[in-house]
Every structure is written in structure tokens, then in C-alpha cells.
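The values are calculated or read from the model by the stated rules, or taken from the named source; none is laboratory data. What you see is a predicted model, and the numbers here were worked out from it, not measured in a lab. Cβ placement follows ideal geometry from the backbone for every residue including glycine, while neighbour counts extend to all protein chains displayed. Note: accessible area is taken over every heavy atom of the protein model, side chains too, but ligands, DNA and RNA are not part of it. Shrake-Rupley method; radii C 1.70, N 1.55, O 1.52, S 1.80 Å.
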Amino acid sequence: MSASGGTKAIVAALAANLAIAVAKFVAFLFSGSSSMLAESVHSLADSGNQGLLLVGGKKAQREATPQHPFGYGRERYIYAFLVSIILFSVGGMFALYEGYEKIKHPHEIEHWYWPVGVLVFAIIAETFSFRTAIKESNVLRGQKSWKEFVRHAKAPELPVVLLEDLGALVGLVLALGGVSLALATGDGVWDGIGTLCIGVLLILIAVVLAIETKSLLLGEAAGVEDVHKIEAAVVDGDTVTRIIHMRTLHLGPEELLVAAKIAVRHDDTATEVAAAIDAAEARIREAVPIARVIYLEPDVYSETEAARGADPEATPGGPSSDPAGH
């Protein structure tokens, strides 16, 4: 996985979650707090999720084969989608079950200093992990808002780690609130309510991750900025006079396919057209380095055909008024 995949943020989150999971489980054994059990399972699930992201990044580096000529870049999307499923089932659903059981059969928290101490430790550790994820994300985020970054990032690892860490921090605060209220009132129901809130939070985050990674799995076009760069690079005003239509597709976070029908002059020779296509491909790769698979089809532009409108059969997916193909 390249540096842009957020390896540093994943490793930081993995180390933090493993340490926190052990501490939370020990606190559960001494205190009997259901919030602690739910949070320990949550941290253990998060650790597994970061392991899956690392595995996906490793598998995505495999060379292309005759059976998979465009490589394995989408492995990263598949493993990110698995993370959302695990977060939903192991994290969210388990927490809902534990919260329900604790509300139905409440009992007093014993040795209160264990859960409180572990939660404070966990909040500090998760804060450092979250800070690392923010720092790594800012390198790629640019001027985008955090919402735009999560929605439009082509590399799934950093949005996954960001949302996981955010969910972990909020979940820890909810767990601390539930434990504190249970201790203050002597009613273990508050511990169960805190656990239910953690479950709802995890399920909401899992749904957001599933929606975004599903979009990546289906195949997203290049961002608007990259599309404009490609369009500017293709047309040289001499041999290549315009783009008739173009489609882009992310084969992976850092590999882009570009397919376009370009207009050339009707009196150009085959040699001149071939040279113009080679030059256009070189300009595209210089403007957008991740554009590694490029197919340019020469054609003669016709005002009459253009007046009829776009041809729905011209390319898979038909015409699009959005230059990014969204």
C-alpha cells in the first residue's frame, strides 16, 4: 500500500485498539460492566478491521494477470467493505444485545475504579490515534471539507480509520457517561443505556462506510479536477481538435482508466494520427500520473451528428452531462 493509503494511520489505530481491547476486557472481568464488555468487543473488532485494511493493501499490490488484466487495485475496496460489515455485526449488533440484556437484568457495577480508569486511558490512546489519522488525511484532503473528503476519497483506508476513531472516541464518552450514571444512582440500567447508545452509533458509522465503499466497488469516475486536467491534456489544437466523448474509471485508488473518442482532422495521415495519440497519452500521464490505462479512439467530428445529441450506445453507461461522469 502506498503512503497515500494511510498505512501509518492504520498501524497507529491497530496498536491503540489492541492495547485498549485488553484493558477494557480486564476492566469488565473486575467490574461486570456491560459497557466495558461492549467496548472491549468494539476495540477487538476495530483491531481486526485494521488488520483487514492492511491485508487488502498488500493484496492490491499484486501484478496483473491474464485473468485479471487490470490488476487487483479493487482489493482495497473489497476489504474496506468487509470492515463496514464487521463493524455493523460484531460491533453494533453485539452492543445492542448487551445493552438490552443489561437493561433487562441490571446489576451494580463492582470495583468502579477499573472501568473509569480504563476508559480514561482509552480516551487518551484513541485521541492520539485519531490525531494521526487527521494528520495523514490532511495531506490528501486539501481544501475539501471533512464530509467531502469522506464521500469522495478514492483510497478507502483513511476515511475508514477516521470514522472508526471518531466512533471509538464518542463511544468511550458514552460508556463513561453510562458507567458514571450507574455509579451515581446505584442503578445498573444506565450502564445498559450507555451500551445501547454505543450500538446505535456503531451501526450508523457502519452504514455510512458501507454506502461509500459500495460506490467505490461499483466503479467511480475520476474526480472533477482530474477530468478537467485530462481534457486539457488531450486536445492540442493541431491534430487533436476536441474530445467527442470520454469516460474514466478508477481501477483502484491509484490507477485510473481513461477511454475517449477524439476528433482528428480528416486529411491527417495514419502516421500523423498515431503520433498525435501517442503524444496525447503522454500529456495525460504527465497531467494525471494515476491515469495508467488509456484508450483513445480517433474519429472525424461531425457537426450534423453532434446536433443530434449524444449517442446512448457510444459508450457503456450512455451520455453524461457531468464531465466527471458522476
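Against the chain, whose longest principal axis comes from its Cα atoms, helix 75-86 is set at around 30 degrees. Roughly how many Å² is the accessible area per residue of the chain, as a whole number, for a 1.4 Å probe? Value returned for the chain: 49 Å² of accessible area per residue. 3J(HN,Hα) couplings calculated from phi for the range 62-74 with the Karplus curve 6.51 cos²θ - 1.76 cosθ + 1.60 (θ = phi - 60°) are, in sequence order, 5, 6, 5, 10, x, 6, 10, x, 9, x, 10, x, 6 Hz; Gly and Pro show x.
Over 25 Å apart at the Cα level, from the set Lys8/Lys59; Lys58/Lys144; Lys58/Lys135; Lys59/Lys214; Lys58/Lys261; Lys102/Lys214, are Lys58/Lys144; Lys58/Lys261; Lys102/Lys214. For the chain, the longest principal axis of the Cα atoms and the long axis of helix 7-31 meet at an angle of about 20 degrees.
Annotation for Tyr97 and Val207: the two label points, set 7 Å from Cα along the Cα-Cβ direction, are 2.1 nm apart. Here is the list for the range 35-83: GluC sites (Glu not before Pro) lying in DSSP coil, each with at most 16 other C-beta atoms within 10 angstrom of its C-beta, are Glu63. P(r) tail for the range 114-212: Cα pairs beyond 19 Å make up 50% of the total. Seen from all directions on average, the range 8-95 presents a Cα convex hull projection of 6.2 nm². Debye-formula intensities of the range 1-159, expressed as log10 I(q)/I(0) at q = 0.10, 0.17 Å⁻¹, are -0.45, -1.02 (one equal scatterer per alpha-carbon, no solvent). So for the chain: antiparallel DSSP bridges make up what percent, rounded to the nearest 5? Looking only at bridges with both residues in the chain, the antiparallel portion is about 55 percent.
Beta-bridge orientation, the range 185-303: approximately 55 percent antiparallel, per DSSP, counting only bridges with both partners inside.
Once the chain from Ile124 to Glu286 is taken as fully extended at 0.36 nm per residue, the excess over their C-alpha distance is 53.9 nm.
Applying the Karplus relation 6.51 cos²θ - 1.76 cosθ + 1.60 with θ = phi - 60° to the range 179-184 yields 3J(HN,Hα) values of 5, 5, 5, 5, 5, 5 Hz, where x marks Gly and Pro.
The charge dipole of the range 222-288, taken about the Cα centre with unit charges on the Cβ atoms of Lys, Arg (+1) and Asp, Glu (-1), comes to about 240 debye, rounded to the nearest 20. If you plug the beta carbon distance of His105 and Val26 into 1/(1 + (r/R0)^6) with R0 = 35 Å, you get a FRET efficiency near 0.95.
Between Val300 and Ile85, the C-beta separation translates, for a Förster distance of 41 Å, into a calculated FRET efficiency of about 0.25.
Only alpha carbons enter this Debye calculation for the chain, each as an equal point scatterer, and the log10 of I(q)/I(0) it gives at q = 0.06, 0.12, 0.13 Å⁻¹ is -0.31, -0.83, -0.91.
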